[in-house]
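The structure under discussion appears below in the form of structure tokens.
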Amino acid sequence: MTSAPCHFEAAFAGDDLRTVAEARRWTRQALAEAGLPDDTVCDALTCVSELATNAARHTASGRPGGKYRVVIEVTGRQAHVEVVDQGGEQAPDVRLGGAESGRGLWICAQLGVLCHAAAPSGGRRVWVDLPHPAQAASGLVNDAHAPDGGER
């Protein structure tokens, strides 16, 4: 694992949902380069999937020619996973239960600290800081297992 902070950033076409898989692959590669524990990588991939899908489906990023950016910052064993979109009519909404949307953001909020703010570009920034502080403080962050479930 690298000890120096790492910054990664890439733009993706928002008008094609297939780029969400591309954003996940790019994120996996960036986090592998940074040497994060497997649990944090898996959580980051879940969050990138949710945030990128939301950008493509619910913001101007999903219009023809629209784009969103994925920003990853790694410091030690912690990751900041952010998607910057081109803005929309509604703010992100975290919901649980029978709601048709918002459940994915709820999942992200359980994995880490979920936040959103206006971006200087006029769009919106939505991010998750991983791992969740309660997990880190309790020692629940466990990288003693390989991604296939076997012991290291």
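Values computed for the structure shown
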{"quantity": "Conditions (1) at pLDDT 85 or above; (2) open to solvent by less than 60 Å² (accessible area, probe 1.4 Å); (3) not β-branched (V, I, T): number failed by S101", "calculated": "(1)"}
{"quantity": "Pair list, Cβ < 7 Å and 6+ apart or interchain, from region 85-100 residues that are on the phi > 0 side of the Ramachandran plot to residues that are basic (K, R) and modelled with pLDDT of 80 or more", "calculated": "G87/R124"}
{"quantity": "Strands (runs of 3 or more DSSP E) wholly inside region 1-114 containing at least 1 residues that are over 16 Å from W127 (Cβ atoms)", "calculated": "6-13, 67-75"}
{"quantity": "Hits in region 30-52 - residues which are more than 11 Å from V70 (Cα to Cα), of a type in the set (S, T, N, Q) and modelled with pLDDT of 95 or more", "calculated": "T46"}
{"quantity": "Matching residues in region 23-60 - criterion: being surrounded by fewer than 18 Cβ atoms within 10 Å (Cβ to Cβ) and charged (D, E, K, R)", "calculated": "R24, R25, R28, E33, D38, R57"}
{"quantity": "Sole residue being modelled with pLDDT under 90 and open to solvent by 80 Å² or more (accessible area, probe 1.4 Å), chosen from R77, R63", "calculated": "R77"}
{"quantity": "Those residues of region 1-53 which are more than 13 Å from A79 (Cα to Cα) and among the hydrophobic types (A, V, I, L, M, F, W, C), in sequence order", "calculated": "A10, A11, F12, A13, L17, V20, A21, A23, W26, L51, A52"}
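The values are calculated or read from the model by the stated rules, or taken from the named source; none is laboratory data. Only a predicted model underlies this, so the values are computations on that prediction, with no experimental measurement involved. Positions of Cβ are generated from backbone atoms using ideal geometry, with glycine treated the same way; all protein chains shown enter the neighbour counts. Protein only, heavy atoms only, side chains kept; ligands, DNA and RNA dropped before computing areas. Shrake-Rupley method; radii C 1.70, N 1.55, O 1.52, S 1.80 Å.
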